[in-house]
Amino acid sequence: MTDRKQQQRDGFRADDPTAGPLTTDQGVEVDHTDDSLAAGERGPTLMEDFHFREKLTRFDHERIPERVVHARGAGAYGYFEPYESCAEFTRAAFLQDPAVRTPVFVRFSTVQGPKGSADTVRDVRGFATKFYTSEGNYDLVGNNFPVFFIQDGIKFPDFVHAVKPEPHNDIPTGASAHDTLWDFVSLQPETLHAIMWLMSDRAIPRSYRMMQGFGVHTFRFVNAEGRGTFVKFHWKPKLGAHSLVWDEAQECQGRNPDFNRGDLWDAIEAGEYPEWELGVQLVPEEDEFAFDFDLLDATKLIPEEQVPVRPIGRMVLDRNPENFFAETEQVAFHTANVVPGIDFTNDPLLQARNFSYLDTQLIRLGGPNFAQLPVNRPVAPVRTNQRDGYGQSKIHSGTNYFPNSLGGGCPAHAGVDGHAYTHYAERVDGAKIRRRSPSFQDHYSQPALFWHSMAPWERQHIVDAFRFELGKVDAMSVRARTVEQLAHVNGELAAAVAEGVGVPEPAPAEAAPNKVLSPALSLDSLRGDGSIRTRQIAVLVADGVDGEQVTSVKEALTAEGAVVEALAPRDGTVTGADGEPYKVDRALPTVASVLYDAVLLPGGPVGTPPTVSDQDAMRFVRDAYRHGKPVGALGSGVGVVTALEPEGVRLSAEFHQVVADQGVVTDTSPGPASEEFLRAFVTAVAAHRHWDRPPARC
Ligand code: HDD
């Protein structure tokens, strides 16, 4: 089904290249593009070779400045549909009727690294959505963390300068583990809450399809009567929120730098459309001061246990862009792209963003006409008196000012039919001051809330992350000052980090009180729909494998929606126990455990040695185990896991019985896998990772 945006895009396709010969930009046919025009066979190139000059000039100008932050990304089209009318709170047209689908374009991104950096770096992920609504474009430009690093946008250049590669040597790429970031953090405690998220596994998502999104700021819904309600936006992935572990994320950077981008692309191509539920936390205007933090402070979240998230609709991404540059690179988001019924608050971070995004598009996209680019065009009609400028692609006619009589007074002001944007009539009253509100001053309670709400394995990963990051900082004074800040969050956290990075344990500080917990902050609370759809499962095969068993296991797991690949020491085929060739999907040396969610070791005939035992295979299983991934073994395949027992891999297999222990599922019975084994393995894969198995740390 094509939606309005898709139909609009169809009108912008370049001419069909198969419809005729190569031409210049001017439409002149070209019969030779392999040699430049020269004065004689060995002579100099001639200036009059307009085809050569045009070709080279256009090539020289192919790049535009990359985004100053969020340079690397991936995007997709899809649609949003509300579950029910939200008219009680907002008059936004796209939130009224469950029968109305609104086209969207979403761009996911990392923040620190340049356009060519790796995907699986420790970083915030951008989650920006453009809704092409009937009343104009609405952009929800969010992240996968619900809080930000600073409170006032005037600090954004400072923060970004600190986290970006250091100015003298442009190092490190795609990493926050360096002196300038931690110097800034240690001096600016408002960063601490977002830093806790950054040190958690939220900063290394398994997939863009498996992470939450947040609008971060408190926005304002406004209904048809003009009543305002504070609102925070949440995206919740249907597949659950899942993350990598740091060791794995680092190896992935080399094995597949496009790990997240490719995953999104492949899933959509395979028809496995990612889906998120949009939820809102609603706070009546009269409750503005009912919290022990300021709703205008973007370093704070409203615990879901305090204000529940109300699901209001779902978004599905079902189409990949056709041209990365035209669409994903040229898409221009802007927090001030709002529609009637959605308004701002005085959050000073949001106010600054409302300036910055338009400004950045002007330099990035080379002028003021970027809203005419296909990906940015609203599907709502556009009638303005804006004219001219670089890249103007419209031929306007008539008058270009208001009021006018010569153009019949057109375009006229919008009428009173309710579609015009009206700003919320908030009363504002105050002296001009340059000062942070005292209500923004508690920087420790929410980092502490986050810390205390984590599962033990998440806390361990946070400590490990701090140790890694600060361990890369050269200035011991910066390490020490950061640890002193952590002491205000939690003494045990500070002590554990101090020990790891070689600085004295800080004196006990007045740690933030641990008043409430928010279990919703733990990844353990976000396991999704329990399915194993799109999980990548590796089946390690070799000569002598029970081909029938592998085929039946593959079929069963594929039926559950998993992507199952047979890996062997070499590509092509292996010879099964019955002498028949068995087709291999990939050669082991070209892949690695870090590119899969789980591993299964099928068996050969009873009594034979393990069918896969080469170094690549052993490493594969060892890594999967270390990274908490499900490991399944059948028949003689159990022997591969047994071989790793001296290295700390725990196995509680029993003869001819299905045993599932901390995600290691075994059955030494020969022949086809039993229903019981398959169920236990699917359950283990659905759980994503198994943290309590020894060694607990990765
Ligand atoms: Fe920003 C890009 C998200 C604070 C200034 N930001 C950008 C993108 C996302 C966010 C997802 C990429 C959009 C895309 O895919 O094209 N930014 C956030 C969030 C913030 C935030 C969730 C805090 C709640 N940003 C923020 C501040 C400022 C900016 C405080 C400046 C005062 N952001 C920008 C920018 C970017 C940008 C420089 C770079 C490229 C672009 O806008 O289009 O204007």
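The values are calculated or read from the model by the stated rules, or taken from the named source; none is laboratory data. All figures in this text were calculated on a predicted structure; none of them were measured in a lab. Heads up, the Cβs are rebuilt from the backbone with ideal geometry, glycines too, and the neighbour counts pull from every protein chain shown. We work out accessible area using only protein heavy atoms, side chains counted, and drop any ligands, DNA or RNA first. Shrake-Rupley method; radii C 1.70, N 1.55, O 1.52, S 1.80 Å.
For the stretch 97-112, 3J(HN,Hα) computed residue by residue from phi via the Karplus equation (6.51, -1.76, 1.60; θ = phi - 60°) reads 10, x, 7, 9, 9, 9, x, 9, 10, 10, 10, 9, 7, 9, 10, 7 Hz, glycine and proline entered as x. Probing with 1.4 Å while keeping every protein chain in the model, the per residue accessible area of the stretch 368-415 equals 68 Å². What separates the Cα centres of the stretch 621-687 and the stretch 360-398 is a distance of 59 Å. If you sort the three axes of the alpha carbon gyration tensor as a ≥ b ≥ c, you get a/c under 1.5 for the stretch 540-663, which makes it rounded. Once the GluC sites (Glu not before Pro) in DSSP loops with at most 13 neighbouring Cβ atoms within 10 Å are cut out of the chain, the longest remaining piece is 511-698.
Within a straight-line Cα-Cα reach of under 15 Å, Lys155 can be paired with the following aspartates and glutamates, leaving aside sequence neighbours fewer than 8 residues apart in one chain: Asp183, Glu190, Asp297, Asp347.
Counting Lys and Arg as +1 and Asp and Glu as -1 over every other residue whose Cβ lies under 14 Å from the Cβ of Pro274, the net charge comes to +3.
With a Förster radius of 35 Å applied to the beta-carbon distance between Leu37 and Ala14, the computed FRET efficiency rounds to 0.85. Using alpha carbons only, how many angstrom separate the centre of the stretch 226-302 from the centre of the stretch 2-49? The stretch 226-302 and the stretch 2-49 have Cα centres separated by 43 Å.
At full extension, Glu272 and Glu81 could sit 66.9 nm farther apart than now, given 0.36 nm per residue minus the alpha carbon distance. In the context of the full set of protein chains, the stretch 504-646 has a per residue accessible area of 41 Å² (1.4 Å probe).
Of the beta bridges in the chain, as assigned by DSSP with both residues counted there, near 80 percent are antiparallel. Listed by chain and number, the lysines whose C-alpha is less than 27 Å from the C-alpha of Lys583, apart from same-chain residues fewer than 8 away, are Lys554, Lys629. The residues packed around Gly561, meaning those with a beta-carbon under 9 Å from its beta-carbon, carry a net charge of 0 if Lys and Arg are +1 and Asp and Glu are -1. For the stretch 310-399, chymotrypsin sites (Phe, Trp or Tyr not before Pro) meeting the loop criterion (DSSP other than H, G, I, E, B) and having at most 16 other Cβ atoms within 10 Å: Tyr390. Taking θ as phi - 60° and the Karplus parameters 6.51, -1.76 and 1.60, the scalar couplings of the stretch 535-543 work out to 5, 9, 10, 9, 10, 8, 10, 7, 3 Hz in sequence order, x denoting glycine and proline.
Rounded to whole numbers, the Karplus 3J(HN,Hα) couplings from phi for the stretch 2-10 are 9, 9, 4, 5, 4, 4, 5, 4, 3 Hz, using 6.51 cos²θ - 1.76 cosθ + 1.60 with θ = phi - 60°, and x at Gly and Pro.
Extension gain, Val28 to Thr173, is 47.8 nm, computed as 0.36 nm per intervening residue step minus the present C-alpha separation.
DSSP loop trypsin sites (Lys or Arg not before Pro) in the stretch 81-168 with at most 16 other Cβ atoms within 10 Å of their Cβ, which ones? Here the sparse-neighbourhood loop sites are Lys115. Across the chain, Cα-Cα pairs farther apart than 41 Å form 39% of the total. So, counting K/R as plus one and D/E as minus one, what does the shell of residues with Cβ under 15 Å around Thr45 add up to? Result for the local shell: -3. Would you list which lysines come within 16 Å of Lys115, measuring only between C-alpha atoms, while excluding same-chain residues fewer than 8 positions from it? Lys115 reaches Lys164. The chymotrypsin sites (Phe, Trp or Tyr not before Pro) found in the stretch 216-315 that occupy coil by DSSP, while having at most 15 further C-beta atoms within 10 Å, are Phe289.
Of the solvent-accessible surface of the chain, computed with a 1.4 Å probe over protein heavy atoms with every protein chain present, carbon and sulfur atoms account for 53 percent. Solvent exposure of the stretch 199-318, expressed per residue, is 32 Å² of accessible area, with all protein chains present and a 1.4 angstrom probe.
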